[in-house]
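For reference, the structure is listed below as structure tokens.
The values are calculated or read from the model by the stated rules, or taken from the named source; none is laboratory data. Please read these numbers as outputs of a predicted model, since none were measured by experiment. Cβ placement follows ideal geometry from the backbone for every residue including glycine, while neighbour counts extend to all protein chains displayed.
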Amino acid sequence: MTKERRNDRILLQGSEACVRGALMAGCRFYAGYPITPATEIMEHMSRQLPKVGGVFIQMEDEIASLGAVIGASLAGLKSMTATSGPGFSLMQEHISFACMAEVPCVIVNVMRGGPSTGLPTLPAQGDVMQARWGAHGDHPIIVLCPSSTYEFFDLTVKAFNLSERYRIPVILLTDEVVAHMRESVALPPKEKIVIEERRKPSVPPEWYTPYDDKQTDVPPMPAFGEGYRYHVTGLAHDIRGYPTTRSDEVGYLIHRLFSKISRDFHLLQWFDSYQTEDSVVTIIAYGSVARSALYAVKAARENGLKVGLVKLKVLWPFMRQTVMRFLESSAKVLVPEMNMGQLSREVKRVNQGRCEIVTLNKADGTMLSPKEILRSLEDIYP
Amino acid sequence: MKEREHLIHNYLRSSKGFPHIWCPGCGIGILLGALIRAIDSGGYSKDDIVLISGIGCSGRLPTYVDFNTLHTTHGRALTFATGIKLANPSLKVIAVMGDGDATAIGGNHFIHTARRNVGITSIIINNNTYGMTGGQFSPTTPFGLKTSSSPYGNVESAFDICGLAREAGATFVARSTVYHARLLEQIIRLALDKEGFSVVEVISNCTTYFGREIGLASPVEMMKWQRDNAVLVEKAKDLREEELKQKIVIGVLVDRKAPAYHELYKELIAKCRLENNEI
């Protein structure tokens, strides 16, 4: 590595990288409530946002935090909040609202040990299913999962992009290790980063239909104050935004909410794979566990075992197309998780007898070590 | 009268099918009329008004009016309102809530929004009951009253919403009944003109539930009760404490100066903003 290249690199904590990504993506509003291990994100935001003319507010609780975030987004600012398990539970009411009213926002959940107050300072992956189904009612959701400081930066930018593109809350699901770990990273220059803005209506206000778009299923969204005086509600609504109980109108709404995401499933297959070309046993992992898994794969290869790793960066919608490919090419798939088995349920659902699924679960506040994963690989290797 | 009706129709949404959902004789319609007249006399542009509500009978109010309108979750209207006001302080943000909405499920948000002095006009329609769900007791239901969820009598004592707002830091606090419609319009106008957090408590009548529970069976009887039991704040000074206990004090109760949150935050940004916006 040359001297100049080394100078491009900076030492960043995961939380700091997340904040840099958010600001780079154009985030100008943050509302939050202190909670371990997500507090650093809030503290960085409180320091940086005013410098770029943005607004930071510490609210009275997590319910209020996401409410303020949704309000700011309706007023035209890219907005986010960050929390951990107990706060994430409180936010579910407004995640559901943001899905129904189609308000872009980004929510970071730095997972810690649970249930309840659990293990505030220790990592876990127990909120995988809560991120998908925690909010009431049928709704699609996008959940991204970084496993390194650089990925936390990168996926935060992408979370804002997806949120603005699809008008949907996007959840960044990470864990205590990724949020607190410091790594040397080289962040890409601004001009190399793709930033998406929400589509605004191109028609005059009197022609604007706030909740219909036949082309993309994602209606254009003006900010409050821009002359498009429309109605936003959490009630089931017709294409003008007014409450309705007519089954044809409600059915159309719910189908559109789903299809705006499902039509683009193929664009949401984000993963990294290592040595899966000839792997007999393939690991499917995410978050900090994927880092241990990588070490385990390297060590196993040295011992002559044909093993590989697939690291998922999108947890929801579940990457059925991608995962199926590896289920078909492997004799066995190992799913290590810092929970009692959450994403492995999805893997099993997609598998339908294609290969043998083995789970490796741990939920005691300690990380899954490379050694533990290696031992498991050796045990199950055919 | 005709002109006044015409004025209201300038603000109602022609695209939204009426009739509205409120019961015959409900006081919310009188409030809506007063609110529209106050906004009109204040000279505000429809594009600059954001009208927000929570859940309950009051929650439906924004649907009918031609502003930027937002029907939020139960008790959380002020959290959304805070986000909107701070994101774009040039907007005139009004939150309409019920008594249960603002002081039970939303009590935490209410006191903290008042404490921060966020530039929001909050209008609390106090009908002393949960009307939408069928007349359960609320934080403003009188002690001892039998309701659908206190069949043996309410064992809780009632909140004084204006007192709560005053102590939490609201810079403008006023109360009116829907019977005193002209006063209501005037105090809403004053509340709108404040930069900080302003609170208007509107004593309203839920004839369908609360009226039945207290033995006043018609809207007219309930309005007469408001007329006979309300006393202007200026006259209340002359009454003894014992006499005041049975009365509803109406008028402007608090009007003080304090910098609003968005003004203070603007100063904060001015202090630390970087020239090129690059971190």
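Observations on the structure shown:
- Checking every residue in segment A:21-33 against the condition of being among the small types (G, A, S) and closer than 19 Å to A:R132 by Cβ gives zero matches.
- B:G100 vs. criteria on the phi > 0 side of the Ramachandran plot and outside any strand (DSSP E or B): no
- Yes/no for A:E62 being acidic (D, E) and more than 13 Å from chain B (Cβ to nearest Cβ): no
- Restricting segment B:16-36 to residues that are touching a Phe, Trp or Tyr at 6+ places or on another chain (Cβ under 8 Å) and free of Cβ contacts under 8 Å to residues at least 40 places away in the same chain leaves a set whose member that is nearest to the other protein chains (Cβ to nearest Cβ) is B:G17.
- If you go through segment A:6-57 and keep only what is part of a strand (DSSP E or B) and either more than 10 Å from chain B (Cβ to nearest Cβ) or under 17 Å from the mean Cα position of the chain (by Cα) (or both), you end up with A:I10, A:L11, A:L12, A:Q13, A:C27, A:Y30, A:G32.
- Residues that are small (G, A, S) and over 18 Å from A:M91 (Cα atoms) within segment B:52-101 comprise B:S53, B:G56, B:S58, B:G59, B:A87, B:S90, B:A95, B:G98, B:G100, listed in sequence order.
- Meets criteria (within 17 Å of B:G196 (Cβ to Cβ), out of contact with any Pro (no Cβ under 7 Å at 6 or more places or on another chain) and not polar (S, T, N, Q)) for B:L145: no
- Scanning segment B:170-184 for residues being more than 12 Å from the chain's Cα centre (by Cα) and buried (at least 18 other Cβ atoms within 10 Å of the Cβ) gives a total of 6.
- Of all residues in segment A:238-259 being more than 28 Å from the chain's Cα centre (by Cα) and among the charged types (D, E, K, R), the one that is farthest from the other protein chains (Cβ to nearest Cβ): A:D248
- Top-ranked residue of segment B:95-105 - restricted to ones that are away from chain A (no Cβ under 12 Å) and hydrophobic (A, V, I, L, M, F, W, C), ranked as surrounded by the fewest Cβ atoms within 10 Å (Cβ to Cβ): B:A104
- Flag if B:N108 is farther than 20 Å from A:V232 by Cβ, within 14 Å of another protein chain (Cβ to nearest Cβ) and without any contact (Cβ under 8 Å) to a residue 12 or more places away in the chain: yes
- Taken together, the residues in segment A:215-237 that are over 20 Å from B:S14 (Cβ atoms) and within 29 Å of the chain's Cα centre (by Cα) amount to 12.
- Meets criteria (over 22 Å from the mean Cα position of the chain (by Cα), assigned to a helix (DSSP H, G or I) and either at pLDDT below 95 or not aromatic (F, W, Y) (or both)) for B:E278: no
- Looking only at segment A:220-237, residues that are more than 7 Å from chain B (Cβ to nearest Cβ), closer than 23 Å to B:G17 by Cα, surrounded by fewer than 20 Cβ atoms within 10 Å (Cβ to Cβ) and not small (G, A, S) come to 0 in all.
- Residue within segment B:76-86 that is within 30 Å of B:R212 (Cα to Cα) and either surrounded by fewer than 24 Cβ atoms within 10 Å (Cβ to Cβ) or within 14 Å of chain A (Cβ to nearest Cβ) (or both) present: yes
- Those residues of segment B:236-263 which are assigned to a helix (DSSP H, G or I) and either surrounded by 13 or more Cβ atoms within 10 Å (Cβ to Cβ) or within 22 Å of the chain's Cα centre (by Cα) (or both), in sequence order: B:A236, B:L244, B:Y261, B:H262, B:E263
- Scan segment A:89-112 for residues that are surrounded by 23 or more Cβ atoms within 10 Å (Cβ to Cβ) and more than 26 Å from A:L253 (Cβ to Cβ) and the total you get is 5.
- Elements of type strands (runs of 3 or more DSSP E) contained in segment A:67-178, each with 1 or more residues being more than 14 Å from every other protein chain (Cβ to nearest Cβ) and polar (S, T, N, Q): A:78-83, A:105-113, A:119-123, A:169-175
- Odd one out for B:K92 among (1) buried (at least 24 other Cβ atoms within 10 Å of the Cβ); (2) more than 9 Å from every other protein chain (Cβ to nearest Cβ); (3) under 27 Å from A:E226 (Cα atoms): (1)
- Among residues of segment B:37-58 that are without any contact (Cβ under 8 Å) to a residue 40 or more places away in the chain, those with a beta-carbon under 7 Å from a residue that is hydrophobic (A, V, I, L, M, F, W, C) at least six positions away or on a different chain give the pairs B:D40/B:L7; B:K46/B:F67.
- Sole residue being among the hydroxyl-bearing types (S, T, Y), away from chain A (no Cβ under 14 Å) and over 23 Å from B:I105 (Cβ atoms), chosen from B:S41, B:S45: B:S41
- Candidate set: segment A:185-219, residues that are hydrophobic (A, V, I, L, M, F, W, C) and not in a loop (DSSP other than H, G, I, E, B); chosen: the one nearest to the other protein chains (Cβ to nearest Cβ): A:W207
- Candidate set: segment B:234-266, residues that are acidic (D, E) and closer than 20 Å to B:T171 by Cα; chosen: the one farthest from the other protein chains (Cβ to nearest Cβ): B:E234
- Each residue in segment B:221-235 was checked for being of a type outside the set (A, V, I, L, M, F, W, C) and surrounded by 17 or more Cβ atoms within 10 Å (Cβ to Cβ), and 1 of them qualify.
- A count restricted to segment A:40-76 and to residues that are touching a residue at least 60 places away in the same chain (Cβ under 8 Å) and surrounded by 23 or more Cβ atoms within 10 Å (Cβ to Cβ) stands at 3.
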